[in-house]
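Have a look at the structure below before the remarks.
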Amino acid sequence: MQDFINIGKRIPKMDAEEKVTGKAIYIHDLKVPGMLYGKILYSPHPHAKILRIDTSEAERLPGVRAVLTGYNTPPIKFGFYKDNPPLKANKVRSYRDEVAAVAAIDPDIAEDALNLIRVEYEILPAIFDPEEAMKEGAPLIHEEHLGGKEKKPTNVLNLPWRLIAGDVDEARKNSDYVAEDRFKVTWVAHCCLGTSGCVAQFDLKNNLTMYSNTQIPSLAQKDYLDALSAMGLQGKKARVIKAMIGGGFGSKLDTYAYEYIAILLAHKTRKPVKIIFSREEEFFATSPRQPAIIHIAQGCTKDGKLTFRDIRMTLDNGAYTSWGATTPSVMMMPISSLYKVPNVRYVAKCVYTNNTWSQAMRGYGNPQATFAIDSQIDILAEMAGIDPLDFRMRNANTPGEVTPQNFRINTCGLRECIDVVAQKLDWRQNRGRRDGRGIGMASMIHVGGGARVYKSDGCGTIIKIDDFGTVNVITGATDMGQGADTVIAQIVAEELGVRVEDVVVTHTDTDICPWDVGAHASRTTFVAGNSARGAAKKVKEQLLEVAAKSLGENPENLDIRDRTIFSKNDPEKKSPLGKILRAAHYAAGGKMVMAEHFYDPPNENLDKEFKGNLSVTYAYGTHGVEVEVDKETGQVKILKYIAAHDVGRAINPMLLEGQVYGGATMGIGYALTERLILQDGKVMNPNFLDYKMLTAKDVPNIEPIVVETDDQFGPFGAKGIGEPGLVPTAPAIANAIYDAVGVRIKDLPITPEKVLAALKEKK
Amino acid sequence: MKKFDYLKPHTLDEALSLLNQYGNRAQLIAGGTDVIVMIKQKKLFPDVLISLQGIPGLGQIDYNGMLRIGPMVTHRAIEKSELIRKEFSALTDSADVLGSVQIRNVATIGGNIVTAAPSADTAAPLLALGAQVKLKSMQTERTIPIEQFFTGPGETVLEKGQILTEILIPKPLPNTGSAYWKLQRRGALDLPILGVAVLLSLDKATVTCSDLLCTASPISTVLHSLEGDEVFCKEVRIALGVAAPTPMRATKAENLLRGKKISDELLKEVAETAAKEAQPRDSLRGEAWYRRDMIEVLVKRMAMRCIERILRPEETIFPVRLW
C-alpha cells in the first residue's frame, strides 16, 4: 500500500466544531433585510373540488403583504412528470395540497391570515389503495391523465418499468425449488434535523436569488429558471446560495411547491420571502420513501444455484409525481445483480392515489427491493435444505462478471463481506438455535462510482492557491452533512502535498461554483473526488513549473511535501509553497496558479430495455445481526450488529464509519420501528413522539468492517458509501428473527404486534 | 405562539390568590414540558402563566412515617432518590423511563399527575403505592386517594383555584416490593403502549430453597423449588396505565391474590383476570388486543419482580447504573 499523508486518516469533519457549538448558519438562521415570512394553507380533504376561495379578509389583516392562490398565479408545473402546480386550483388531491399562501411581516401574522382564508370544497370520493386505484371505475386523481394503448383516463402512470433478461418462465420450469411471496413496505420519513426552507429574493431586474438547502444546486437552478419563464420572466438569472444543510438523505433532490410559492410571493411583494417548515409540515408536506407491494418468486437448483428472479411491484405514487416514481430504475439493480441470477423479470406500476407522494430517500428503492430479495433467499435456502450462508456464498457475485442488466462488475468484495460477517457471528455455532435468539444476514449491491441517471454524471472543480499557500477548492459538490468537504480536502491535500487544514472548500453558490449533477447515488466522494483530484494534478503541474524557474531545477525533478516544494535530487533545493506563489504573482508578466477540471465517469445511461453499465464500479456489502425475541411480548432486541462493506478504499475511516452507523441506524428504524401512519391519506404521526425514529438508547453497538478492494477508477481507490449502510438492514433483521423464533414477517416495520400475532398463528 | 404574562409568586398563598384573581385566564405552570407544548399546539390559550417555580418547599421529598413528595419535585430527583428506590421502587421505575434525561430534569411529578394523560408514567405506580394527593384552595384543603383524582383523559377533580400541593405515600408493610414496567417502542422519548405497576407484600422475606442455584434462578423457578416453605400474599395492588380512560386498579385480580399462597399458577390467573377487567382501546399507539395480551404478560412479570425485590433486596439497593 502507498504511503499516504492525508488519505486513510481519521480526520474529523471540517465543520464539526461550528456545528456542535451552534455557530453554523442554517437556512433557519438566515435573515435578509426587509424579509417577509410566508405560510401555506393546506387542504383539509384528501380529494375535493375547490368551489370558491375568499382571501379578502386575510388580505385586510394588518401586516399581510400578499395572499396568493392557484387562481391568481401563473401556471407553473413542477416535478419530472409535470403534474404538480405550486398552488392548486379547481381541485385538491391530497391532504398536503397547497391551496393558498400568505406573505406577512412576521410568521404569527402570516399564520393568523391563513385562518382568515375561506375555502369552499365539494368532497370527492377518494382512494388510498394503489391496487384498488388501478381498477376500472376507481375515482380518477388526475382526470386529464391518459394512459395505456387506448389513451384512456387512468390512475396508472405512463412509466412502464420493465426489465427482462433470459427466459424466466423456462427457468422456472427447470427449477427444483421455487419460493413465492408477497412483501410490503411502507412510507418512512427522512427525518432531517433541519426542516425544509428557503428565502427567495428578486433584484430590480427580476433576477432571482434563492437561499436554499438543496442537494442539487445546478438542477434546482434550472427548475427555478423554468418557473421564471412560466411567470413571464424569460432571460432572467437564477442564483442558488446554499446555507449549511441539516441533513438531506435524498429529500432535497427535487424542488418543491414551497420553493415556488416563496418565489411567487417574493415576486408579488418585491421583498425577500422566507418559508420555513414546522416539524409537522416536514412530516406531512415533504415526500417520504416510496411504499411498495412486492410479489416475488425465485427459484434454485438442488445444489442451491439461483435459476430465476421474477418480481411484480405496485407502487403507491400518491397524488403527484416526484422521484419516488423512478425508484424502480434503481430497484432493478439488486433485482438483476444481487447474487448471480441468470434469468430476471421485473415489472412495476406506479399508481396515483390520494395519499402523500414520495421522493428519493437514501438507497432510492434499493432497501425496498433488497428486503424482498434477501428475505426470500433465506426462505429458498430453507426449502433447498441449504444453510443460507452457503447459499449466499454459492451465488455471490465475483469480479469480472457481467450481470443480466449488463453491469460490468469490476472490483467486488462480496464474498469477503459474507465471510467476515459469518465469522463475527460465529455462524456455524449460533445458527438454528430457535431459542429466542437468532442470527441472520443479508447482502447488498449499490452503484459505487456514481450513476449516469442524467445525460451527464459530471462534476467540476476549480482550484486556486493564494499568496500564503492556502488552497481554495471550489467544487460543484454538495456537503449536506455527510462530510464531502472534508473528503475533497483530503484528496486535494494528498495530491498537492499540503495539509488538510491548508485547504478551504467552497460549495455554496452557483454564481461561483462549477456545475454538478447533484449529491445523489452515493457519488460525491467518487465523482467530485476524482474531479478535485484532476484539478489538483493540474495545479501541481503549474506549481512545479513556476518553482522550477525560481529553484533552477527541472519540473520533473520537483515534488511537494508538507507545504514545501523540493528537488528530489538535491533536498537542499527547496522553497515553501507561499514563497513560490508570491514569486509567481509579483513577477513581471506574472502567473496565476489556478486550474479547473471536469470529471464525468465512464458510466452508461440505461438503454430502452433498462440495461447498461450504469456505474463504472459497484459497492457490495453484507450485514449480520443477532437478535433476541421476547416470545411473550413480540419485542425484538438487537444484540450484535456487523456491517461489512466493500468501500474500495477508506479515504477517511471516521467519516466512513459515520456513514455506516447512520445508515444502519436508519435501516434498523426502517426494519423495526419507523413508519408514517396514514389513515385515509392523512399523516397521523407528524411528530417525533409518534414517529419512532431510534433514540441513542435504541441504537445497538454497530461494528463496521471495512473491506478494501482498491478500485482502479476510484479516487485513491475509493467507492461510494453514502447509501449502502441501510440497504441490507431490514432483511438481515427479518432473517435473524426467523432464526430466533421461526416466524417470517414480510411487511415493514416488524412491530412487536406483528411478531406476536405470527407466533400465535404458528402455535 | 400566543403571548402571555408570566407571574412568579413566592408563597403558596400568593399563588392561590393570583389563581383566584385571574380565574380562567390563568394557567399554572410547573416544569412546563406539557404546558408550553400545549400552548404551541394551540390547545391552551392562557393570558397569564403562574409559575410554581419560586415557591419554597414544593420541591421537597420528606420521609417521616410517610413519604411526602412536593409537586415540584422533578422526575430526575425521584429517579436519583435512594430512599425511593429502596422503599418505593415502582416510582423509581417510572421516573427513570419518562421522556429523556433533559425532560426529567425539568418535568415535575405534580405536572405529570395534573395533566392526567392516560399514559402518565407516574400515575400507575402512585396508584399501586396507595398514594394520596393534597388539594388546596384559598379556603379549603383536602386529601384524597389518587384513584379518585382522575376522572377522564386529561380530566381530574381539581377545581378552579385549587393547587395540588403534596403527594403522600404510606410507609409500606414489611416485606413489600413494588415494580413498574413501561411497555414502549423505543428506549426513550416515548409514551407507554401500556404501563403496569404492582405492589406486593409477603408474609416473609426469607425462604428455604431446595436447590443451591436458587439464588441465581428466575423467581418462577424459585417458587417451584421451595422446600416445604410457603409464601403468602399479605397485600397486593395492581395498577394499569393506558388500559382505560384513566389510570386504573385491577381490583378483581388483587382480590384473587390477597391472602393467598403465592404460586406460579395463581399469578398467571391473577394476570389473566387483570387483563379481563381492563378496558384498553385501539389507538394509533397500540391495538386493544395487544394491550390486553400485554397486561397478562406484564402483570405476572411485575409480580415476579416484586417477589424478587423482596427476596433479593440487594437488587433494589444498588442502582441500575453505576455511572
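The values are calculated or read from the model by the stated rules, or taken from the named source; none is laboratory data. The structure presented is a predicted model; accordingly, all values stated were derived computationally and were not measured. When we count neighbours, we look across all protein chains shown, and the Cβ atoms used for this are built from the backbone with ideal geometry, even at glycine.
Summed over the stretch B:39-53, the residues that are out of contact with any Ser or Thr (no Cβ under 9 Å at 6 or more places or on another chain) and under 22 Å from residue B:105 (Cα atoms) give a count of 6. If you go through the stretch A:704-725 and pick out every residue that is of a type outside the set (Val, Ile, Thr) and either closer than 24 Å to residue A:430 by Cβ or within 14 Å of chain B (Cβ to nearest Cβ) (or both), you end up with 2. Residues in the stretch B:265-290 that are under 21 Å from residue B:229 (Cα atoms) and within 14 Å of another protein chain (Cβ to nearest Cβ): B:267, B:268. Within this structure, residue B:201 fails the test of being within 14 Å of chain A (Cβ to nearest Cβ), surrounded by fewer than 22 Cβ atoms within 10 Å (Cβ to Cβ) and more than 30 Å from residue B:100 (Cα to Cα). Residue A:345: on the phi > 0 side of the Ramachandran plot and either surrounded by fewer than 21 Cβ atoms within 10 Å (Cβ to Cβ) or touching an Asp or Glu at 6+ places or on another chain (Cβ under 6 Å) (or both), yes or no? Judged against the criteria, residue A:345 is not a match.
For the stretch B:35-74, filtering for residues that are in a loop (DSSP other than H, G, I, E, B) and without any contact (Cβ under 8 Å) to a residue 60 or more places away in the chain leaves 17.
For the subset of the stretch A:464-479 comprising residues that are in contact (Cβ under 8 Å) with a residue 60 or more places away in the chain and in contact with a Ser or Thr (Cβ under 9 Å, 6 or more places away or on another chain), which member is nearest to residue A:11 (Cα to Cα)? Residue satisfying both the conditions and the ranking: A:479.
Select from the stretch B:138-196 the residues that are among the aromatic types (Phe, Trp, Tyr) and part of a strand (DSSP E or B) and list them in ascending order. Matches in the stretch B:138-196: B:150, B:180, B:181. Look at the stretch B:291-307: where a residue is farther than 16 Å from residue B:89 by Cα and within 12 Å of another protein chain (Cβ to nearest Cβ) and a partner is acidic (Asp, Glu) and part of a helix (DSSP H, G or I), sitting 6+ places away or on another chain with Cβ atoms under 7 Å, you get B:296/B:272.
Whether any residue in the stretch A:720-727 is surrounded by fewer than 22 Cβ atoms within 10 Å (Cβ to Cβ) and not charged (D, E, K, R) is what I want to check.
no
The set of residues from the stretch A:712-743 being under 22 Å from residue A:646 (Cα atoms) and aliphatic (A, V, I, L, M) comprises A:718, A:721, A:726, A:727, A:730, A:732, A:733.
Of all residues assigned to the stretch A:126-136, none qualifies as being in contact with a strand residue (DSSP E or B) (Cβ under 9 Å, 6 or more places away or on another chain), surrounded by fewer than 18 Cβ atoms within 10 Å (Cβ to Cβ), assigned by TED's automatic domain parsing to the domain that holds residue A:258 and modelled with pLDDT of 95 or more. Check the stretch A:239-260 and report whether any residue there is touching a Leu at 6+ places or on another chain (Cβ under 7 Å) and crowded, with 22+ Cβ neighbours inside 10 Å. Within the stretch A:239-260 (the criterion being touching a Leu at 6+ places or on another chain (Cβ under 7 Å) and crowded, with 22+ Cβ neighbours inside 10 Å), the answer is no, since none of the residues qualifies. Filter the stretch A:658-700 down to residues that are surrounded by fewer than 20 Cβ atoms within 10 Å (Cβ to Cβ) and among the acidic types (Asp, Glu) and give me whichever is nearest to the other protein chains (Cβ to nearest Cβ). So the residue we want is A:690.
Among the residues of the stretch A:147-168, are any more than 19 Å from residue A:347 (Cα to Cα) and among the aromatic types (Phe, Trp, Tyr)? No, the stretch A:147-168 contains no residue that is more than 19 Å from residue A:347 (Cα to Cα) and among the aromatic types (Phe, Trp, Tyr).
On the basis of being over 32 Å from the mean Cα position of the chain (by Cα) and of a type in the set (Ser, Thr, Tyr), does residue A:94 make the cut?
It is false that residue A:94 is over 32 Å from the mean Cα position of the chain (by Cα) and of a type in the set (Ser, Thr, Tyr).
Are any residues in the stretch B:173-197 at the interface with chain A (Cβ under 9 Å from one of its Cβ atoms) and among the hydrophobic types (A, V, I, L, M, F, W, C), and if so, which ones? The answer is B:183, B:188, B:189, B:191, B:193.
Just the residues that are of a type in the set (A, V, I, L, M) and surrounded by 11 or more Cβ atoms within 10 Å (Cβ to Cβ), please, taken from the stretch A:26-56. Residues satisfying the conditions are A:27, A:30, A:32, A:35, A:36, A:40, A:41, A:48, A:50, A:53. Consider the stretch B:282-294 and keep the residues that are under 17 Å from residue A:684 (Cα atoms) and not polar (S, T, N, Q). The one that is surrounded by the most Cβ atoms within 10 Å (Cβ to Cβ) is B:286.
Counting only residues that are away from chain B (no Cβ under 14 Å) and surrounded by fewer than 18 Cβ atoms within 10 Å (Cβ to Cβ), which one in the stretch A:745-763 is nearest to the chain's Cα centre (by Cα)? That would be A:747.
Looking only at the stretch A:549-591, which residues are among the aliphatic types (A, V, I, L, M) and more than 19 Å from residue A:467 (Cβ to Cβ)? Reasoning before the result, please.
Kept after step one, since they are among the aliphatic types (A, V, I, L, M), are these residues of the stretch A:549-591: A:551, A:558, A:560, A:565, A:577, A:580-581, A:583-584, A:587-588.
A:558 - this is the single residue of the stretch A:549-591 that is among the aliphatic types (A, V, I, L, M) and more than 19 Å from residue A:467 (Cβ to Cβ).
Taken together, B:8, B:40 contain a single residue that is among the basic types (Lys, Arg), more than 27 Å from residue A:109 (Cβ to Cβ) and surrounded by 12 or more Cβ atoms within 10 Å (Cβ to Cβ), which is B:8.
The set of residues from the stretch A:607-642 being under 28 Å from residue A:531 (Cβ atoms), in contact (Cβ under 8 Å) with a residue 24 or more places away in the chain and either within 14 Å of chain B (Cβ to nearest Cβ) or surrounded by fewer than 19 Cβ atoms within 10 Å (Cβ to Cβ) (or both) comprises just one member, A:612.
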